[in-house]
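See structure below.
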Amino acid sequence: MSRDYNVVIERDSEGYYVASVPSLPGCHTQAKSLDVLMERIREAIELCLEMEQDEEEELDFVGVQKVRVAT
């Protein structure tokens, strides 16, 4: 059985891409290239699903919004 997961991808100050899966808490990885990142996040999802005891929360993707906060 296949299932789709929403993945959030960001780039840090050192140029690494960071991916996380909102519906699987703690499921994240990083890589220098997007190709490697996609391989790693698939592996991370599989590992998280193996460890997951309960059903993961199903979330419908709505969108991403950047919010600026004065510091």
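Looking only at the stretch 1-22, which residues are of a type outside the set (Phe, Trp, Tyr) and not in a loop (DSSP other than H, G, I, E, B)?
Matches in the stretch 1-22: 8, 9, 10, 11, 18, 19, 20.
Of all residues in the stretch 6-54, those satisfying the criterion of being in contact with a Pro (Cβ under 9 Å, 6 or more places away or on another chain) and of a type outside the set (Val, Ile, Thr) are 6, 48.
Note on the stretch 35-54: residues that are touching a strand residue (DSSP E or B) at 6+ places or on another chain (Cβ under 6 Å) and of a type in the set (A, V, I, L, M, F, W, C) total 3. Here residue 66 passes the criteria (1) at pLDDT below 85; (2) surrounded by 13 or more Cβ atoms within 10 Å (Cβ to Cβ); (3) of a type outside the set (A, V, I, L, M) except the one numbered (2). Out of the residues in the stretch 53-63 that are modelled with pLDDT under 80 and closer than 12 Å to residue 5 by Cβ, which is surrounded by the fewest Cβ atoms within 10 Å (Cβ to Cβ)? The selected residue is 58. Filtering the stretch 23-34 to residues that are in contact with a strand residue (DSSP E or B) (Cβ under 7 Å, 6 or more places away or on another chain) and either closer than 14 Å to residue 5 by Cα or part of a helix (DSSP H, G or I) (or both) leaves 27, 28, 34.
Taken together, the residues in the stretch 10-50 that are under 18 Å from residue 66 (Cα atoms), surrounded by 13 or more Cβ atoms within 10 Å (Cβ to Cβ) and at pLDDT 95 or above amount to 4.
The values are calculated or read from the model by the stated rules, or taken from the named source; none is laboratory data. Just so it is clear, the model here is predicted, and its values are computed rather than measured. Counting neighbours? That spans all protein chains shown, and the Cβs are built from the backbone with ideal geometry, glycine included.
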